[in-house]
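These notes are about the structure you will find just below.
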Amino acid sequence: MHTFTYGGQNGQTYNLTEAPDLVVVRTTGGALIDHPMSSTSRDLMPHLIPITSFPEVDVTVYRVVCGDDQSAVQIRNNLRQSLSEEGFVRFAGRVLRDQKTGTIFVYTENIFVQFAPEHSGEDCRTILDKYGLKVKEKLVFADNAFFAKAPEGTGMKVFTIANDLLKRDDVLHCHPELVREKKHKAQVVHPMQWHLRYTNINGQPIDEHVDVDAAWQIHRGEGTTIAVIDDGVDDTHEEFSTPGKVVFPRNTVNDSDAARPIYSRDNHGTACAGVACAAGSRKASGVAPQARLMPIRSGGLGSLAEAKAFAWAADKGADVISCSWGPMDGDWSNPDDPTHTHAFALPDSTRLAIDYACRSGRAGKGCVIVWAAGNGNENVRFDGYASYSKVIAVAACNDQGRRSVYSDYGDAVWCSFPSNDFYAPQFNHPHPLTPGIWTTDRSGGEGYNRGGVNAEGSYGDVAGNYTARFGGTSSSCPGVAGVAALMLGVNPELTWQQVKTLIRQSCDRIDEPFGAYDEYGHSIFYGYGRLNAGKAVQNAQSIANQPEDVGVEGVAYFNYASAVRIEEGQMTSDVYLFNRLVGLRLQLKPLCPGLGIRYRVFIHRIGPSRWAEDGSFTGTSDRRRKLVGIQIELTGPLAQKYSVKYAAKLYNRDGLITGQDGSVAGTDSALGAAISEIQVSVNPR
């Protein structure tokens, strides 16, 4: 058993077991069969079946087929010994996997570590030296954070080294670099861009679009940049080849500027980029056709390349980051698939890189990060990437204004955007009216559409430059990224939190009878509804001027009572005297460019929650707990011009306990009584 921990010493620890029938091989280039080898190795090759690969780092995982008189472990060990003597093999080792789901983990001999802020760079390197580690790269997206390399041949001892480091009081986060196969959240889908405006396809009127025409009357994305992190983008495509369209391409796997597709399966990024910002000069328009495109080719889940992609985007001026990928989904058609409920954590390295993009991108206003919710017909809360509070999780809806049958659902879904669908009689789900989303494909028949057939109403163009069948939440995500670019084009002073909140206020509630919208307008299937591009741009434009008076509103959640609205900065407590407050959402009213709010609470016997920002939830879902204290801060370029004051009332004490600009109101003690009332106000200094 090998363990690693995400979230620091008090985070979540995960257990991996050795796969006796798997072996991982890293070569100096190409597959094993591309190299001459010894007769011993050649005789063992028939026992190997490739099951997954990471070609960007020349790594392949093989399943070992047993012989008549040997076990899989014996053959694997013989292979490791024989292959390690081949000059072109850099590593032949064991493979780890999750015991419940079988998810394969490939470990490297790299370790991510973040030290406490009081340490100097020299102190950090001295500590790493004591553990036999050398700095491979100092990371820009988190303070005192490094990727360090263990000596070659360390193997699985990297787990012990990382765990020993994490036990130190001066280490905040530490885990090995664990790479998993990235499953693109895509399905095969449709033509003629019905998702943008009203159309008639094959004689069928389709009127379930995002009203992009209303948005384009105001702005088309000029002056903004959308980063698409994926498997590369064909920047020679006629919709991306205009001078100045593509900026700062990057391959974070090999630190080069070559971000084009490499392998035959690398079709996903080009299609996603087309949905977001294809120029519309030939046969496809993106939601933000005049936005610039920053293509970033990244690596597997949990890799250093994954984290570096966000830092590159932030440092090179991306306004919006689109991520149509994530952990493996369960089979949407099989409710009993155990993968549906397997929690897939967000690595600390990637989380801190996302935090860096939100904190440092756009000169401190933060990059807007949009994520595909997933295609497993499962709760998105098990996906640590799409459910992270600093991203916008996007679900898929179809050409009939209903949920796409595969689309993930849950509290973390923020909004929905049109995509393809499938006929599923077992779920009483009807035939879709269209094949999917029409978008760019790799040029000349190298992508999803191989060309040769002129079937633009069902498959794609004859030249093979466009596909009519793209979809999944992979297609929905870049659609929302395009809308975010339009919003920032009309109001570049918006913070990422304000964009997220405005998107919430710019959605159309669809499928009212079955959408299960709660009293606050949220549906687990559609978020706050299907995003309306016209409304979003108009709302972004309407708050361009800084208001003089700023208020606070939100929602307070109780363990044994209905949620209560916080209006004009105040929550009434009389009815809830004996109930426990367990969570909060707060946001400024009206939304203010350059000014945001963040907050956290102290939970009885647990301590402080993570900071939440502008309408996100913080607190606990454990009804046995209670909130005993609160901290609130203002953020953004205009924060110095305002002060936030707040007070908490504990139900067994007289009077209010006040706080201001980040101090604690209530108590940070585990023995404090529950908060029964809060008051918040924002005032000019």
Name, by its number, the condition in (1) over 27 Å from THR5 (Cβ atoms); (2) over 13 Å from the mean Cα position of the chain (by Cα); (3) not in a loop (DSSP other than H, G, I, E, B) that does not hold for ALA314. (1)
Of all strands (runs of 3 or more DSSP E) fully inside segment 618-674, the set with 1 or more residues that are touching a residue at least 60 places away in the same chain (Cβ under 8 Å) and buried (at least 17 other Cβ atoms within 10 Å of the Cβ) is 627-635, 642-650
Exception for ASP348 within (1) over 22 Å from PHE105 (Cβ atoms); (2) at pLDDT 95 or above falls at (1)
In segment 361-375, how many are on the phi < 0 side of the Ramachandran plot and either modelled with pLDDT under 95 or part of a strand (DSSP E or B) (or both)? 6
Take the residues in segment 353-370 that are surrounded by fewer than 20 Cβ atoms within 10 Å (Cβ to Cβ) and either within 13 Å of the chain's Cα centre (by Cα) or not hydroxyl-bearing (Ser, Thr, Tyr) (or both), then tell me which one is farthest from GLN290 (Cα to Cα). ASP355
Single residue of segment 436-451 satisfying the filter (out of contact with any strand residue (DSSP E or B) (no Cβ under 8 Å at 6 or more places or on another chain) and modelled with pLDDT of 95 or more) that is nearest to GLY384 (Cα to Cα): ARG442
Consider ALA468 carefully, then state whether it is surrounded by 24 or more Cβ atoms within 10 Å (Cβ to Cβ), assigned to a strand (DSSP E or B) and more than 25 Å from the chain's Cα centre (by Cα). yes
Every residue from segment 408-435 that is crowded, with 24+ Cβ neighbours inside 10 Å, touching a Ser or Thr at 6+ places or on another chain (Cβ under 8 Å) and at pLDDT below 95: PRO435
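Would you point out which residue out of THR341, THR252, THR350, THR270 is under 30 Å from LEU196 (Cβ atoms) and either over 19 Å from the mean Cα position of the chain (by Cα) or in contact (Cβ under 8 Å) with a residue 12 or more places away in the chain (or both)?
Every option except THR270 fails the conditions.
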Only one of these conditions is not met by THR439: (1) more than 30 Å from GLU613 (Cβ to Cβ); (2) assigned to a loop (DSSP other than H, G, I, E, B). Which number is it? (2)
Just for segment 313-328: of the residues that are touching a strand residue (DSSP E or B) at 6+ places or on another chain (Cβ under 8 Å) and either surrounded by fewer than 24 Cβ atoms within 10 Å (Cβ to Cβ) or not assigned by TED's automatic domain parsing to the domain that holds LEU486 (or both), which one is farthest from ASN110 (Cα to Cα)? GLY317
Report yes if PRO117 is surrounded by fewer than 18 Cβ atoms within 10 Å (Cβ to Cβ) and farther than 22 Å from SER349 by Cα, otherwise no. no
Meets criteria (outside any strand (DSSP E or B), basic (Lys, Arg) and closer than 17 Å to GLY232 by Cβ) for LYS283: no
Checked segment 376-398 for anything within 15 Å of the chain's Cα centre (by Cα), among the small types (Gly, Ala, Ser) and in a loop (DSSP other than H, G, I, E, B); matches are GLY384, ALA386, SER387, SER389
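The values are calculated or read from the model by the stated rules, or taken from the named source; none is laboratory data. Everything numeric in this text was worked out from a predicted model, so none of it was measured. Reconstructed Cβ throughout: ideal geometry from the backbone, glycine too, with neighbour counts over all protein chains shown.
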